[in-house]
Amino acid sequence: MEKAAGSPSVGGSYPQKNAEILSSQYGINLFLAGLLLTFAWAVHAVGISKSHLLSYLITLMLIQLLWMLWYLCRSCTQRRLIRDKDTHAGARWLKCGITLFAVITLILDSFKIGYYIDFSNCLSPTEGIFPVTHAMHTILQVYFLWCHAKDIIQSFKTLERFGVIHSVFTNLLLWTNGVLTESKHQLNEHKERLITLGFGNITIVLDDHAPQCNCTTTTLCSIFSQGIYYLYPFNIEYHILASTMLYVLWKNIGRKVEHHQQHKTPFKFHGITVGMIFGLIVLTSTIAIVVVYLIQIGCSKIKSELALTMFYLHAIFVLALMCTAGIVALLIYRLEDRSLDNSKNPARKLDAELLVGTAAGSWLLSWGSILAIICAQAHPKYTWYNLPYSVLVIIEKYIQNLFIIESIHREQEKVNDDIKTLRIVTISRGSTLSLTPSYKEIYNGRAARDSGEVPCLFTGSICGRENGGGGDAKEETSQENSSVMHSASDFSFYSRNSVTNNKRRVLKNIAAFLFLCNLSLWIPPAFGCRPEYDNGLEEIVFGFEPWIIVVNLAMPFSIFYRMHSAASLFEVNCKT
């Protein structure tokens, strides 16, 4: 009988599990087809042009646009229905971040439209259609995520799984396309710099996809072509954030949630002044270093070596501070006895997996640099700074991942109503007393109330008046004893509370400092300050082409790691 009773529920889960497997396989095949098409264009495969790649991406975006419009229309017709929401998904600060990146992406699309107009004589029409479609896709997708990122879909589940996973891999392909385009531009600049560093034995062949015709307006063309590559980092972050938010939406389809109160965790600047000041100092100095690096690198061999040395020294100092801050935070956690929240949470699980997975990109580059320093026969002076830099990158990410993952899994501290302090002001013989009852008194008061007696928390003038005002000597004695008891209990409670608040304040400052440090370390690689390219030592040991392939594969994950860590640390700061 038990088996028969349990079989319907088990059988009912099979169609949904099959739909999840089928939709995921559909998305993977969609992505692999686009990835091969992108690779074929990148290596100038015969019969494959950029118009073929853009046509494929345009088709995917149009299909997603149709699905989002259908979902929005269906949601409007059912807006009166009460729907389950995942309170952990689609945080407001995350939506604000993706909106900022989307606005810059729209500026990038306008630059591409202007670039197409100036070179319209020799460019394919798809290069003009693509930015227009992409702009429409961006606007509708941001609106969709603002309104429905928290949805837990319970109807048309099979169809919605395919629609959401299509959106996930469409954004991943757009991310891949942006990464490849930006990497090819960085690679061309890197090849030109190698000559100034004295690596003339490396063959310099520029991979140029520039139009084979003259621009109608030279000044505008220069602005558009240069501006596009400075805006690509924001476009790349936009698509990877969109794909992660959509993936959480896909994982939530058909999910059964427990209805419990979700504590809001607003961001407050109060109490994080120290962390913000040190973080802003790091951010300002990093921007200055990047500007000097981009100006000096490639000018001459001496200036290039000085730029690399300056970058390594600054990065070593910042990473050492970050390691120290992370260790202090972990030690504070070891001193606390708080349980971890192991409940099912797709958003939190994805955050942890992305932290470890994307950190592997920079770990790969760091181990490559360490191996190159060990194996190289000649060592220019600036390359020795690369060794402590690479070691610190590995250690810092290890410590930071541990801190963030433990922070997002820690249960929020809940204050029991029974131990909340109560300020009761009483008037006794013309004087004002401010008394705070202890936990034991509140508990005893509650017990007395439950037994039918009227509780008397304070034996001061209130109780005296209720008893007719007699026995002044007893009242004064009881007031003195009560005051002593209250003072002792208050001192003990506030001492414990003070220690807890100090720990929380330190953790919030550490999270704020690490947040700004991760933003600072995102800026150099995102805007072309990449010593892994310009160092030159790794290319001699591993070979130019193999090392460039490794850098181009690992660098996007390293860049994303910093932005994702910053977002996670922002959440930690709000939660602490």
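Here are the numbers for the structure shown:
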{"read-out": "Area of Glu571 that stays accessible when all protein chains are in place (1.4 Å probe, Å², to 10)", "value": "60 Å²"}
{"read-out": "Of all accessible heavy-atom area on the stretch 498-576, the percent that carbon and sulfur account for (1.4 Å)", "value": "69 percent"}
{"read-out": "Probe 1.4 Å, accessible area per residue of the stretch 95-194, Å²", "value": "34 Å²"}
{"read-out": "Label-point separation, Thr273 to Asn188 (7 Å along Cα→Cβ), nm", "value": "5.0 nm"}
{"read-out": "Heavy atoms of Arg161: accessible area, 1.4 Å probe, square angstrom to 10", "value": "10 Å²"}
{"read-out": "Solvent-accessible ranking of Val506, Val572, largest area first, probe 1.4 Å", "value": "Val506, Val572"}
{"read-out": "In Å², nearest 10: area of His166 left accessible to a 1.4 Å probe", "value": "10 Å²"}
{"read-out": "Accessible surface ranking that places the most exposed of Cys299, Cys147, Cys323 first, with a 1.4 angstrom probe", "value": "Cys299, Cys147, Cys323"}
{"read-out": "Surface share of carbon and sulfur [accessible, 1.4 angstrom probe, percent] for the stretch 47-188", "value": "71 percent"}
{"read-out": "Probe 1.4 Å, all protein chains present, accessible-area order of Ile28, Ile113, Ile98, largest first", "value": "Ile28, Ile113, Ile98"}
{"read-out": "Pairs beyond 25 Å (Cα-Cα), from Lys184/Lys397; Lys184/Lys251; Lys95/Lys349; Lys303/Lys397", "value": "Lys184/Lys397; Lys184/Lys251; Lys303/Lys397"}
{"read-out": "Rg to Rh, two decimals, where the stretch 295-372 supplies the alpha carbon set and Rh follows Kirkwood", "value": "1.16"}
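The values are calculated or read from the model by the stated rules, or taken from the named source; none is laboratory data. All of these numbers come straight from a predicted model, not from anything done at the bench. Cβ coordinates were reconstructed from backbone atoms using ideal geometry, including for glycine residues, and neighbour counts include every protein chain displayed. Note: accessible area is taken over every heavy atom of the protein model, side chains too, but ligands, DNA and RNA are not part of it. Shrake-Rupley method; radii C 1.70, N 1.55, O 1.52, S 1.80 Å.
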